[in-house]
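Worksheet: the structure to be examined is printed underneath.
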Amino acid sequence: MLEIYDILLKSLGPQGWWPHPTRFGKIVGAILAPAVKWSNVKKAVTNLEKAGLDNFESIKEAELNYLEELIRPSIYFRKKALALKAMAKRDDLLQQKGSNALRNELLALPNIGKETADSLLLYVFEYPTMIADSYTKRILYRYGFIQTEKISYDDLQMFLEASLPRDLGIYQELHALFVRLGELHCRKIPHCKECPLSSRCKKIDLKDPTEGV
Ligand code: SF4
């Protein structure tokens, strides 16, 4: 896994995650990020900021419908709006230190799933936990590190953490690199020719995905 990390870091460069300067923006970004490209998350966060919803007090006060409209670009915006409201009501959690106990508290909030809780822990609370998202799953399956794409979130997370030194910087960077690789090359239809992992990947596909389009 460290070899993959080195290859990706050399070829794609440091990703500088989490890509928002404020703590509020990082928290909102982590809640809106699952299942959507970062460019869409950015649009949604910008909509909130332009509307003056740039703190949890204003999120608490905002009409649910209005909040949903503002974050519509982030897909599953109804569930994510409820998650934002739930987090705004429990802003006391934001004063805590990262820990497994905090993870359980985050998971107890409505519409906060494992990926969101782990993103918050890793990038906001700076607690070393790996995020076992769908990009990571797809890349490691195609690369040949895991046998099935149906692996559970918990099993993939355990595999990742057992394969890496417990280092916050590596965890933060590697997840960001996986997301970048998934957006650039290892898409649903892979673009393998330019992929930095292509020389070792088991499922390299050199067909041009744009052929016949
Ligand atoms: S070579 Fe292709 S299948 Fe393998 S990781 Fe890269 S893009 Fe994905």
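The values are calculated or read from the model by the stated rules, or taken from the named source; none is laboratory data. Computed from a predicted model, the values in this text were never measured in an experiment. Cβ coordinates were reconstructed from backbone atoms using ideal geometry, including for glycine residues, and neighbour counts include every protein chain displayed. Areas reflect the complete protein model, heavy atoms only, side chains present, ligands, DNA and RNA absent. Shrake-Rupley method; radii C 1.70, N 1.55, O 1.52, S 1.80 Å.
Tell me the net charge near LEU84. Cut-off is 15 Å between Cβ atoms, LEU84 excluded, with +1 for each Lys or Arg and -1 for each Asp or Glu.
Summing Lys and Arg as +1 and Asp and Glu as -1 gives +2.
What is the angle, in °, between the Cα long axis of helix 38-50 and the longest principal axis of the Cα atoms in the chain? Nearest 10 is fine, range 0 to 90.
For 38-50 against the chain, the angle is about 20 degrees.
Taking the alpha-carbon set of the stretch 23-124, what are its Rg and Dmax in Å?
12.3, 35
Can you run the Rg to Rh ratio on the chain? Use alpha carbon positions and the Kirkwood inverse-distance Rh.
My calculation puts Rg/Rh at 0.99.
Residues of the stretch 1-146: accessible area per residue at 1.4 Å, in Å²?
Per residue, the stretch 1-146 has an accessible area of 46 Å².
Exposed loop GluC sites (Glu not before Pro) only (DSSP loop, at most 11 other Cβ atoms within 10 Å): please give the longest stretch of the chain free of them, not including the sites.
Looking at the chain, 64-193 is the longest stretch - no exposed GluC sites (Glu not before Pro) with at most 11 other Cβ atoms within 10 Å.
Could you tell me the distance between the Cα centroids of the stretch 1-63 and the stretch 103-171, to the nearest Å?
Using only Cα atoms, the two centres lie 17 Å from each other.
Accessible area of the chain with a 1.4 Å probe: how many percent of it is carbon plus sulfur?
51
Using only the alpha-carbon atoms, how far is helix 2-12 inclined from the longest principal axis of the chain? Give it as 0 to 90 degrees, nearest 10.
80
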